[in-house]
1. If you go through region 171-189, how many residues are touching a strand residue (DSSP E or B) at 6+ places or on another chain (Cβ under 7 Å) and surrounded by fewer than 18 Cβ atoms within 10 Å (Cβ to Cβ)?
2. Return a yes/no flag: does region 117-127 have any residue that is within 26 Å of Gly83 (Cα to Cα) and of a type outside the set (Val, Ile, Thr).
3. Does Thr145 count as of a type in the set (Val, Ile, Thr), out of contact with any helix residue (DSSP H, G or I) (no Cβ under 7 Å at 6 or more places or on another chain), within 23 Å of Ile248 (Cα to Cα) and at pLDDT below 95?
4. Kindly establish whether Ser148 is surrounded by 15 or more Cβ atoms within 10 Å (Cβ to Cβ) and either in contact (Cβ under 8 Å) with a residue 12 or more places away in the chain or under 19 Å from Ser73 (Cα atoms) (or both).
5. Mind telling me which of the residues Gly13, Gly69 ends up being of a type in the set (Gly, Ala, Ser), in the same structural domain as Asp179 (by TED's automatic domain parsing), buried (at least 20 other Cβ atoms within 10 Å of the Cβ) and within 18 Å of the chain's Cα centre (by Cα)?
6. Say whether the condition of being in contact with a Pro (Cβ under 6 Å, 6 or more places away or on another chain) and in the same structural domain as Ser95 (by TED's automatic domain parsing) is met by at least one residue in region 144-165.
7. For residues that are among the polar types (S, T, N, Q) and part of a loop (DSSP other than H, G, I, E, B), scanning just region 18-40, find the one that is nearest to Gly83 (Cα to Cα).
8. Examine region 185-206 for a residue that is in a helix (DSSP H, G or I) and assigned by TED's automatic domain parsing to the domain that holds Leu74, and state whether such a residue exists.
Amino acid sequence: MPEISVIMGVYNGADCLEESVGSLLRQTYTDFDVIVVDDASEDATQEILRGLAQKDSRLKIIRNDRNLGLTKSLNIASARAAGRYIARQDCGDLSLPDRFRKQIDFMSANPNLGLCGTGILIADACGKTIKAEPVVAGENTVLETLKSRNVFAHGSVMFRAEVLNQVGGYNEDYPFAQDYELFLRLAGKCSMDNLPEHLYIYKLSGSSISISRAYDQAFCALKARAFYLTGVEPLGDNLKQLQRDAAISATNDTARYHMLSGHRAKAFRGFLKSFLMSYRPVYLYRSVKSLISGVYS
């Protein structure tokens, strides 16, 4: 039985799968297996996974008969997980070699923690680092900040399996922002923290869910937060306001992607649109800064 089970869902990930899984198999901490759910991919994903599994028996493959989405695929993977810890990674992203060892050490030294994330580096499609994201760390700071926004990079987190199982895994009513919804439920069950080290590389991609489905992602995140804070589903005028806020958030997130990708004009238009939708000065500030400096903050 492995100490860690890594779970990953992938759909049409042939272009990036080998590098992403390879970064897991090269971890300095070796007592783990990797459970990858192929969500009915239509490219060479299955062939690549089989080739990798022939070289390393730690890789386990599950294939869905039809496309179920990430949330259900992660629950399928976690149901097969045998490790005391369950770690995540998103297809296309990379884990630095010492990630698992440092997370295990941190969680062993802090037995109250049910979840541990890490800092992330944002990289372009070629792997060049663009930005080191600020890390929200400290259990109290994490809990307080989580009430307003997600402070964990989903692919970087490691759970204690018993904690994930106690809350029933991922909520399948959330096809998007399933991570934030889960973290909010965990907030009342265990302590959570981020390692203040950048051990995970998030690769920018216009096809990622956070960009290609930016509105859906924002809507589900805001819905999860509203339920956590009030205990009721948003309805009527509250739902309409949430939808408006989701549109603003999605526009801002897309502008941020363009900024990080070096597309200043698109970023400027996106931040300006966010300002005109909300009249929040921060968006006007970002639009001007995107043209002048090309730096997002």
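1. Matching residues across region 171-189 total 1.
2. Scanning region 117-127, I find at least one residue that is within 26 Å of Gly83 (Cα to Cα) and of a type outside the set (Val, Ile, Thr), so the answer is yes.
3. For Thr145, the condition - of a type in the set (Val, Ile, Thr), out of contact with any helix residue (DSSP H, G or I) (no Cβ under 7 Å at 6 or more places or on another chain), within 23 Å of Ile248 (Cα to Cα) and at pLDDT below 95 - is not met.
4. On the way: surrounded by 15 or more Cβ atoms within 10 Å (Cβ to Cβ): no; either in contact (Cβ under 8 Å) with a residue 12 or more places away in the chain or under 19 Å from Ser73 (Cα atoms) (or both): yes.
So Ser148 fails the test.
5. Values: Gly69 fails: buried (at least 20 other Cβ atoms within 10 Å of the Cβ).
None of the others qualify; the one that does is Gly13.
6. Taking region 144-165 first, the residues in contact with a Pro (Cβ under 6 Å, 6 or more places away or on another chain) are none.
Taking every residue of region 144-165 in turn, none turns out to be in contact with a Pro (Cβ under 6 Å, 6 or more places away or on another chain) and in the same structural domain as Ser95 (by TED's automatic domain parsing).
7. Among them, the one singled out is Thr30.
8. Yes, region 185-206 contains a residue that is in a helix (DSSP H, G or I) and assigned by TED's automatic domain parsing to the domain that holds Leu74.
The values are calculated or read from the model by the stated rules, or taken from the named source; none is laboratory data. The shown structure was predicted, so the numbers you read here are calculated from the model rather than taken from an experiment. Using ideal geometry, Cβ is built from the backbone for each residue, glycine included, and neighbour counts are taken over all protein chains shown.
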